[in-house]
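The values are calculated or read from the model by the stated rules, or taken from the named source; none is laboratory data. Small disclaimer: the values here were computed from a predicted structure and weren't measured. Reconstructed Cβ throughout: ideal geometry from the backbone, glycine too, with neighbour counts over all protein chains shown.
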Amino acid sequence: MTYANIILPLPLEGLFTYGVPDALASRVQVGVRVRVPLGKSKTYVGIVAEYPVALPASESGVVDNEKKIVYKDILEVLDATPILLPQQLRLWRWISDYYMSPIGDVYKAALPSGLKAEDGYRPRTELYVRLADNFRNERSLTLMIDAMKRASKQVEVLMTYLRLAGVDGVEHLTTETPLREVTREELMNDTHTTIGVIRALSDRKLLVTYEKEVGRLNDNVLPHPEHIKPLNEAQTEAYNQILIQMMGHPVTLLHGVTSSGKTEIYIHLIQKAIDEHKQVLYLLPEIALTVQITERLKAVFGNRLGIYHSKYSDAERVEIWQKQLSTQPYDVILGARSAVFLPFQRLGLVIIDEEHEQSFKQQDPAPRYHARSAAIVLAQMYAGAKTLLGTATPSMETYYNAQQGKYGLVELTRRYKDIHLPAIEVVDVKDLYRRKMMTGPFSPRLLAAVREALKRGEQAILFQNRRGFAPMVECRQCGWVPKCPDCDVSLTYHKNLNVLTCHYCGYTMRVPDECPCCESKDIRGRGYGTEKIEDEIRNILPEARIARMDLDTTRTKNAYERLIYDFSTGKSNLLIGTQMISKGLDFDKVSVVGILNADSMLNYPDFRAYEQAFMMMSQVSGRAGRKGRQGLVILQTKSPELPVIQQVVRNDYRGFYTNLLEERHDFHYPPFYHLVYVYLKHRDENTVNSAGLELGSRLREGFGTRVLGPDKPAVARVKTLSIRKVVLKLENGIDLPRVRQYLRGVLDAMMKDKRYGALQVYYDVDPL
Ligand code: ADP
Ligand code: ZN
Ligand code: ZN
């Protein structure tokens, strides 16, 4: 008897050991899927991680009632060849280890559902028709046609079939004549017939209908390398610098202002990798993966390019996965976060565009991994593979690594064709509010600029980083605020649906007619969400053709593409949106961008607030004036004196970075310290409280002042669970594997305490 260690799709630590029956032994290998029993009657699709293994297993087996470890047998082997390559398995292990989440959770995140469930994937089939073998010669077929004189429609369909199959005429037909495959659909369309006629031809045993597996992937477009645009001088210089930097560094940062042509440089680098028979992984934030970029790449790389993100059906994702394992995998994969899990046989280059984007980090559920880190680790598993990070506003971590010489650094400071960066005007709204000169959230300057732009036939964008109508509703008499019964947050008012909604759990309720505390009817919203902005601007600028882009308006399929299409074709000319509008869009006619409320971003209670605000404002500003003339950004704030505002205005990334770096250093934050958040959740507030206190003091025994908390997070109750957070600040160079081991040890010990039976624990490593 031999044994194998299996990954199961369960949130449990470790691997599971199973026996391998002799009959299956020859087919079990690392990376294949197997069906295994667990518990009384369940079976799971697991993945072989180690085989063969000697007993006793170093990691958990299946423990039976008498606390004896027993090993059940693998029931079935589902794959003839591995669906994971060794590098993918190593990546899973790295993620599980580094982000402290069970490898079963990594499994769940990594594979498309169709591979996780038995029978989860069905190949698409299509019906085809072909001439029966008996009639594949001139004599029999002619005789038959003569006999069919009365059935002229059938004859017509048959002749059409022959034409579609590529037969010149009946007189030339022999068994040797090659027949092109014809789908039943095609034949019916071409002859305007119904199924009946084709059935009649089948009844005569003339045509045979058969089913055939067809791929879902549209791989008909040929590559057109000649569509690659020649680089200008500055871009060529950057391209050459990147190649030089890559020789000396596993990771290189391309810091290039918006519209400098970073994408064009990537395209050249991708082509170079293809010429060297290497594969490329190109990661973008989900939302940036719109038609704009995919069409640009498709035009050059055609069927060498695979696209992998959540808009694709699961079955398509399974087919991309399988293609990656085949003898003709895609040369380039363009994808969002989860594309990092796809198998690559000869990866040579990883490109992470918009590397500063927070959405590269998965928040919930576990594994809470950062795709940028995962992709860098992945590249390092392939000999000679390099990573290129690109952005106009590097994350603090990345820029620090570049400054330290750990990453290569290449800068591109000029926009393509020297289009000017937009002029940014700061409007002090504090003063305007005091003098009652604001119209709702709009300053006179902003309204005038938008009005003029529209009058000139140009477009404008208004940016407000809150969706819904009013972030808060309040009784003007007694101050009562409706809150979510299950979460510790106030409800957001959505006027369209006339409901109050919790953005944490989705709870909704109708707006009460009167205050439940004082019976006053004066209940009003406070603050501005995108919906209210839209409402107000409609009244002020009735001539504007307004579109709104936020989570609420882009829920349905293609809604996002439609909004973009309408705006790029001029059907709409004023776009209101949340940060969604700042991603990967390239509009020609936007001359004015309004940032309505910079303060809401700056006042956010998080150490990353300034970093986020700077990036968001810079990226949103970058939408202004891309072609033709210089754009104008109106930045409304109550704190114009803040250095970060001035840094946005001057496009002073260095100044921003230097300031913030000092602060991060003084207050023990990244890039000088690694953060690990430990979250505890429990229905009962007292239990989670004492668990938090106990965890804090136990960790202090090992880590002293590196431990902060327990604290209540900003939202301390979500979906009826109370939350406590303990923070570890770990200086660079500390032995992280040992820290993780210690942390796990402490929590394992605590969880043995009966009081903490239902306590949920999770980690967020390198939180954002
Ligand atoms: P970035 O990725 O830095 O924001 P892009 O690559 O999107 O910049 O370039 C901005 C615009 O300028 C795009 O429309 C792009 O096609 C065009 N462009 C950039 N470089 C060139 C070039 N060398 N030749 C032709 N067009 C270019
Ligand atoms: Zn009241
Ligand atoms: Zn809620």
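Among residues that are surrounded by 12 or more Cβ atoms within 10 Å (Cβ to Cβ) and more than 16 Å from ligand 3 (Cβ to nearest atom), residue 175 is not included. Among the residues making up the stretch 13-39, a single one is among the basic types (Lys, Arg) and within 28 Å of residue 762 (Cβ to Cβ): 33. Annotation: residue 410 fulfils all but one of (1) away from ligand 3 (no atom under 16 Å from the Cβ); (2) assigned to a loop (DSSP other than H, G, I, E, B); the unmet one is (2). Of everything in the stretch 413-436 that is outside any strand (DSSP E or B) and in contact with a helix residue (DSSP H, G or I) (Cβ under 6 Å, 6 or more places away or on another chain), the residue that is surrounded by the fewest Cβ atoms within 10 Å (Cβ to Cβ) is 414. Just one residue in the set 307, 265 is assigned to a strand (DSSP E or B) and buried (at least 19 other Cβ atoms within 10 Å of the Cβ); that residue is 307.
Among the residues making up the stretch 673-696, those that are of a type in the set (Ser, Thr, Tyr), in contact (Cβ under 8 Å) with a residue 60 or more places away in the chain and touching a strand residue (DSSP E or B) at 6+ places or on another chain (Cβ under 7 Å) are 677, 679.
Considering only residues in the stretch 272-288 that are surrounded by fewer than 23 Cβ atoms within 10 Å (Cβ to Cβ) and outside any helix (DSSP H, G or I), the one that is modelled with the lowest pLDDT turns out to be 285.
When the stretch 520-544 is filtered for residues that are within 15 Å of ligand 2 (Cβ to nearest atom) and surrounded by 15 or more Cβ atoms within 10 Å (Cβ to Cβ), the ones remaining, listed by number, are 523, 525. Testing residue 645 on (1) surrounded by 24 or more Cβ atoms within 10 Å (Cβ to Cβ); (2) aliphatic (A, V, I, L, M); (3) farther than 27 Å from residue 263 by Cβ, one condition comes back false. Which one is that? Exception for residue 645: condition (1). Exactly one residue out of 666, 711 is within 26 Å of residue 404 (Cβ to Cβ) and free of Cβ contacts under 8 Å to residues at least 24 places away in the same chain, and it is 666. Please work out which residue is nearest to ligand 3 (Cβ to nearest atom), limiting yourself to the stretch 509-555 and to residues that are charged (D, E, K, R) and touching a helix residue (DSSP H, G or I) at 6+ places or on another chain (Cβ under 9 Å). Among them, the one singled out is 552.
Can you name every residue in the stretch 492-519 that is at positive phi and either among the hydroxyl-bearing types (Ser, Thr, Tyr) or within 12 Å of ligand 2 (Cβ to nearest atom) (or both)? Matches in the stretch 492-519: 519 only.
Scanning the stretch 481-492 finds no residues that are touching a residue at least 12 places away in the same chain (Cβ under 8 Å) and over 18 Å from residue 718 (Cα atoms). Checking each residue in the stretch 418-429 for being touching a residue at least 12 places away in the same chain (Cβ under 8 Å) and either more than 15 Å from residue 598 (Cβ to Cβ) or of a type in the set (Phe, Trp, Tyr) (or both) picks out 419, 420, 421, 422, 423. With the condition kept exactly as written, say whether any residue in the stretch 53-74 is of a type in the set (Ser, Thr, Tyr), surrounded by 14 or more Cβ atoms within 10 Å (Cβ to Cβ) and at pLDDT 90 or above. No: the stretch 53-74 contains no residue that is of a type in the set (Ser, Thr, Tyr), surrounded by 14 or more Cβ atoms within 10 Å (Cβ to Cβ) and at pLDDT 90 or above. What about residue 407, is it hydroxyl-bearing (Ser, Thr, Tyr) and outside the structural domain of residue 631 (by TED's automatic domain parsing)? In short, yes. Please tell me if residue 197 is surrounded by 14 or more Cβ atoms within 10 Å (Cβ to Cβ), assigned by TED's automatic domain parsing to the domain that holds residue 376 and more than 16 Å from ligand 3 (Cβ to nearest atom). Criteria not met by residue 197. Consider the stretch 614-651 and keep the residues that are of a type in the set (Ser, Thr, Tyr) and more than 16 Å from ligand 1 (Cβ to nearest atom). The one that is nearest to residue 433 (Cα to Cα) is 637. Within the stretch 602-619, the set of residues being under 23 Å from the mean Cα position of the chain (by Cα) and assigned to a helix (DSSP H, G or I) comprises 609, 611, 612, 613, 614, 615, 616, 617, 618, 619. No other residue among 489, 450 is β-branched (Val, Ile, Thr), within 22 Å of residue 514 (Cα to Cα) and either outside the structural domain of residue 600 (by TED's automatic domain parsing) or in contact with a strand residue (DSSP E or B) (Cβ under 9 Å, 6 or more places away or on another chain) (or both) apart from 489. Of everything listed in (1) within 12 Å of ligand 1 (Cβ to nearest atom); (2) part of a helix (DSSP H, G or I); (3) surrounded by fewer than 16 Cβ atoms within 10 Å (Cβ to Cβ); (4) not aromatic (Phe, Trp, Tyr), the single unmet condition for residue 244 is (1).
Does any residue of the stretch 121-137 turn out to be within 20 Å of residue 321 (Cβ to Cβ) and assigned to a strand (DSSP E or B)? Scanning the stretch 121-137, I find at least one residue that is within 20 Å of residue 321 (Cβ to Cβ) and assigned to a strand (DSSP E or B), so the answer is yes. You will find that of 700, 683, 724, the residue that is more than 16 Å from ligand 2 (Cβ to nearest atom) and touching a His at 6+ places or on another chain (Cβ under 9 Å) is 724 and no other. Among residues that are among the β-branched types (Val, Ile, Thr) and under 29 Å from the mean Cα position of the chain (by Cα), residue 74 is not included. Candidates in the stretch 204-251 are the residues that are more than 30 Å from residue 125 (Cα to Cα) and among the hydroxyl-bearing types (Ser, Thr, Tyr); of these, the one that is nearest to the chain's Cα centre (by Cα) is 239.
Summed over the stretch 456-479, residues that are at pLDDT 90 or above and closer than 15 Å to residue 547 by Cα total 7.
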